Each structure stands twice: as C-alpha cells, then as structure tokens.
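Structure first, commentary second.
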C-alpha cells in the first residue's frame with residue numbers, strides 16, 4: 001500500500017512538472033452576425049462586410065438586435081499560428 005501511495009505521489013509530481021502552456025486562440029471577441037439562413041453563408045469566400053458585429057457572450061436582443069426566433073449565422077476569421085499547425089494530430093485537420 002505504501003509503494004502504491006509513493007508511486008501516485010511521484011506520478012502526480014512528474015505530470016505537473018511536464019505541464020507547459022499550450023498556444024491557444026481567444027474566441028471571446030466580436031463575431032460577424034446575421035439572422036436568416038442561406039447555404040452561401042457557409043462559403044469561405046462569402047462577402048460578410050454587410051453583417052453586423054456582436055459579442056458572442058450575449059443573446060441577440062441584449063446586443064441591440066430586434067427580437068428574433070429562427071436561424072442565425074456567426075462568422076469569425078482566424079489565422080492559425082504555425083506552431084498549432086505543427087502540433088495538429090491530423091495534418092489535414094487545420
């Protein structure tokens with residue numbers, strides 16, 4: 001029992017020692033937003049300059065949009081840092 005306890009303590013200490021901050025992306029920013037549904041909204045090259053911007057941590061009405069029940073789209077353009085691309089599990093996943 002004592003050996004098992006010692007092993008668990010060592011394992012916990014060594015796993016903490018190898019932890020390091022991984023690169024991440026902050027997605028809590030203003031996103032492009034539009035109500036409605038159109039399959040062309042999903043196209044990467046779709047021109048969304050007429051879309052409104054809104055924070056994603058609010059509901060539509062509290063962000064100044066009219067009350068609406070239905071489909072809506074959010075869009076955000078991001079640039080994947082090269083260090084994240086290199087660490088991708090599947091190289092074609094990014």
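The values are calculated or read from the model by the stated rules, or taken from the named source; none is laboratory data. The shown structure was predicted, so the numbers you read here are calculated from the model rather than taken from an experiment. Note that we place each Cβ from the backbone using ideal geometry, even for glycine, and neighbour counts take in every protein chain shown.
Take the residues in the range 14-45 that are over 25 Å from residue 84 (Cβ atoms) and exposed (fewer than 10 other Cβ atoms within 10 Å of the Cβ); name whichever of them is modelled with the lowest pLDDT. Here the answer is 14. Does residue 45 satisfy being farther than 19 Å from residue 25 by Cβ and free of Cβ contacts under 8 Å to residues at least 12 places away in the same chain? Taking the combined requirement at face value, the residue satisfies it. Assessment of the range 46-64 against the conditions (loosely packed, with under 10 Cβ neighbours inside 10 Å, part of a helix (DSSP H, G or I) and at pLDDT 90 or above) yields no matching residue. Taking the criterion of being exposed (fewer than 10 other Cβ atoms within 10 Å of the Cβ) and touching a residue at least 24 places away in the same chain (Cβ under 8 Å), the residues of the range 65-87 that qualify are 70, 78, 83. Residues of the range 57-87 that are touching a helix residue (DSSP H, G or I) at 6+ places or on another chain (Cβ under 9 Å) and closer than 19 Å to residue 46 by Cβ: 73, 75.
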